[in-house]
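Heads up: the structure comes next, in structure tokens.
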């Protein structure tokens with residue numbers, strides 16, 4: 001059954017002075033969809049995500065959530081950046097609950113949400129630890145748990161696993177898929193790693209080089225759990241790789 005549209009982007013363009021980065025981009029994201037966005041290095045993937053959050057005001061076009069203009073005071077949107085974003089002065093439990101604090105959620109409701117997220121990402125026994133006392137993998141789990149704790153209607157992720165080794169990346173990708181299935185959150189995930197995009201996504205949006213347009217939207221209906229050495233997986237990965245080549 002077709003899901004309702006959660007995000008609608010209409011003719012989105014973004015320029016910095018005379019440099020045109022995004023050029024009339026239009027696409028829809030369905031509710032509960034896991035969309036990965038890939039493209040050539042430097043094509044403007046982060047600019048694209050920052051425009052969705054209004055960190056950058058679009059030069060033209062519109063972005064709608066639930067058929068309304070994006071309003072971060074109204075729409076529950078979480079953003080996981082490339083850079084480390086845990087707060088060093090807060091322990092794991094406090095970091096996970098930080099977004100709930102900002103939303104004024106206290107008491108038993110907050111405790112229940114934090115406890116559930118710590119359980120789901122396997123950090124219950126580390127709740128009193130501080131960021132400098134845990135591994136990079138655990139830090140990323142904290143950030144993911146914090147994002148999901150507020151039950152966002154839209155989660156934006158900007159290459160969150162780019163600095164991790166392959167074993168840790170796969171573990172965290174599996175954690176994310178588990179949380180996505182559990183919560184039904186709509187996810188837009190930026191990555192330069194094509195294998196990562198094929199492993200996680202329902203659909204893959206392939207961007208061109210600047211000025212950036214949408215080259216193709218690839219439907220990814222590979223069965224889960226996925227195996228990176230399966231013939232169909234490799235075929236999909238090669239297809240997306242060929243689409244990204246711009247030379």
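The values are calculated or read from the model by the stated rules, or taken from the named source; none is laboratory data. Fair warning: this is a prediction, and the values are worked out from it, not measured in the lab. Every residue, glycine among them, receives a Cβ derived from its backbone with ideal geometry; neighbour counts consider all protein chains shown.
Matching residues to (1) crowded, with 16+ Cβ neighbours inside 10 Å; (2) part of a helix (DSSP H, G or I):
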site	(1), (2)
196	yes, yes
199	yes, yes
210	yes, no
224	no, no
228	no, no
232	no, yes
235	no, yes
240	yes, yes
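Checking the stated criteria, residue 116 turns out to be over 18 Å from residue 186 (Cα atoms) and either surrounded by fewer than 20 Cβ atoms within 10 Å (Cβ to Cβ) or at pLDDT below 90 (or both).
Residue-level check: of (1) under 19 Å from residue 52 (Cβ atoms); (2) in contact with a helix residue (DSSP H, G or I) (Cβ under 7 Å, 6 or more places away or on another chain); (3) surrounded by fewer than 16 Cβ atoms within 10 Å (Cβ to Cβ), residue 216 misses just (1).
Confirm whether residue 196 is more than 16 Å from residue 121 (Cβ to Cβ) and touching a strand residue (DSSP E or B) at 6+ places or on another chain (Cβ under 8 Å). I'd like the intermediate steps shown before the answer.
On the way: more than 16 Å from residue 121 (Cβ to Cβ): yes; touching a strand residue (DSSP E or B) at 6+ places or on another chain (Cβ under 8 Å): yes.
Answer is yes for this residue.
Of the helices (runs of 4 or more DSSP H) lying entirely inside the stretch 16-130, the ones with 1 or more residues being touching a residue at least 60 places away in the same chain (Cβ under 8 Å) are found at 45-52, 107-120.
Taking the stretch 158-177 as the range and being in contact with a strand residue (DSSP E or B) (Cβ under 8 Å, 6 or more places away or on another chain) and in a loop (DSSP other than H, G, I, E, B) as the test, the residues that pass are 159, 160. Per the conditions (1) at pLDDT below 90; (2) assigned to a helix (DSSP H, G or I); (3) under 26 Å from residue 67 (Cα atoms), the sole criterion not satisfied by residue 180 is (1). Residues that are surrounded by fewer than 17 Cβ atoms within 10 Å (Cβ to Cβ) and modelled with pLDDT under 90 within the stretch 21-43 comprise 41, 42, listed in sequence order.
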